[in-house]
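These notes are about the structure you will find just below.
None of the figures in this text is laboratory data; all of them are computed from the coordinates on show. Values in this document were obtained by computation on a predicted structure and should not be read as measured data. Cβ sites come from the backbone with ideal geometry, for glycine too, and all protein chains shown count toward neighbours.
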Amino acid sequence: MMDIRIAGCSEQGARRHNEDAVAWGQARNGHYAALADGAGGHRRGAEAAQRAVACIDRLLRDDAVAFSPINLSQMVHLAHSELLHHQDGGQADARMHCTIVVLWVDATSEYALWTHVGDSRLYRIRRGETDVVTTDDSVVQRMLQAGLIKPEQVRSHPQKNQLLAALGMADDIEPHTVVRPVELQEGDAFLLCTDGWWDGFEPEDFASTAVRALDPEQWLAEMRQTIVAQARPRQDNFSAVALWYGEPGEVARPGAAARRSRPEG
């Protein structure tokens with residue numbers, strides 16, 4: 001069974017308050033990480049993110065909950081219900097909502113599950129290559145999929161922050177949960193992050209920093225330094241959680257496959 005290590009980082013950026021929330025840990029039924037990006041008037045975005053992450057953290061620590069896509073989706077629905085229960089009246093500026101992304105890993109069976117709502121993302125780095133394994137619930141993402149804009153227009157588009165789904169919105173939500181557990185491979189690295197984090201990078205940047213880092217803490221620290229160095233005057237809160245299954249740098253080095261398959265003795 002591969003070693004699993006997790007680290008997290010959450011920063012205020014250039015905003016007055018940090019409305020992101022993160023949690024990670026280990027329970028009987030697996031390792032997990034959860035991240036939310038809140039929005040709402042009168043600092044209710046922070047409340048939304050904290051409530052959603054706390055709800056999912058509590059459910060993932062429940063030993064009676066089995067590792068399954070159905071249970072993971074149910075957790076997101078319960079977090080959504082938690083926010084709806086604590087909404088303050090019907091006025092739009094009094095409502096709170098947040099994105100959510102959750103990773104759940106069963107190291108014994110060597111499988112992972114994940115889900116998300118909104119535009120907080122999950123990336124997987126495998127053998128030096130980056131995959132974005134979530135798709136944003138956003139206006140700009142729909143425009144991109146429809147061919148109305150080009151990828152290079154996404155960052156500067158005036159509607160880039162408009163979400164089509166989020167926890168706490170009045171409409172029903174449908175979590176984007178993988179339909180079956182996804183097999184892990186040695187050296188897999190996962191990155192959960194808010195838009196304030198991923199907006200400062202190209203996907204290949206995540207792979208290049210992962211393969212030269214010694215641990216997930218160093219990986220996050222290097223990316224954090226890059227965001228700070230960019231010194232954007234309107235830098236959003238930026239948060240991330242990294243989970244490593246083995247050593248990403250080791251398996252990405254030339255000849256790694258041959259070394260692993262070499263007979264013993």
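The value obtained for the chain, namely the Cα convex hull volume divided by the number of residues, is 135 Å³ per residue.
Annotation: the residues S208, S109, S73, sorted from fewest to most other C-beta atoms within 10 Å of their own C-beta, follow the order S109, S208, S73. Rg/Rh, computed from the Cα trace of segment 1-122 with Rh as the Kirkwood radius, has the value 1.00. For segment 150-192 versus segment 100-121, the spacing of their alpha-carbon centroids is 11 Å. Towards the positive end of the charge dipole of segment 160-207, with charges on Cβ (+1 Lys, Arg; -1 Asp, Glu), say which of L163, I173, W197 has the farthest Cα. Of the listed residues, the answer is I173.
About its Cα centre, how strong a charge dipole does segment 6-260 have in debye, to the nearest 20, once Lys and Arg get +1 and Asp and Glu get -1 at the Cβ? Spell out each step's value before the answer.
Values: 25 positive and 36 negative charges, 65 e Å.
With only Lys, Arg, Asp and Glu charged at Cβ, the dipole is about 320 debye.
How tilted is helix 44-60 with respect to the longest principal axis of the chain? Cα atoms for both, answer in degrees (0 to 90, nearest 10). On a 0 to 90 degree scale, this one is about 40. Could you work out how far helix 216-230 tilts from the main Cα principal axis of the chain, as a 0 to 90 degree angle to the nearest 10? In the chain, helix 216-230 runs at an angle near 50 degrees to the longest axis.
Could you work out the helix-only [θ] at 222 nm for the chain, with each DSSP H run of four or more residues adding -39,500 (n - 2.57) and the total divided by the number of residues, to the nearest 500 deg cm²/dmol? Write down the numbers at each step before the final one.
Values: 8 runs with 81 residues, N = 265.
Here the helix-only value at 222 nm equals -9000 deg cm²/dmol.
Of the residues D172, D119, D62, D106, the one with the fewest other Cβ atoms within 10 Å heads the list, and the complete ranking is D172, D62, D106, D119.
Which ordering of K160, K150 is given by a fewest-first count of other beta-carbon atoms within 10 Å?
Details: K160 17, K150 9.
Ranking K160, K150 by Cβ neighbours within 10 Å, fewest first, gives K150, K160.
Relative to the longest principal axis of the C-alpha atoms of the chain, give the angle of the C-alpha long axis of helix 69-85, reported between 0 and 90° and rounded to the nearest 10°. Rounded to the nearest ten degrees, it is 30.
In units of the rule-of-thumb radius 2.2 N^0.38 Å, segment 1-63 shows an alpha carbon radius of gyration of 1.28. Computed from Cα atoms alone, the Kirkwood hydrodynamic radius reported for segment 152-221 is 15.5 Å.
For the chain, modelled as a GNM whose springs connect Cα atoms under 10 angstrom apart, the maximal fluctuation among V101, V211, V140 occurs at V140.
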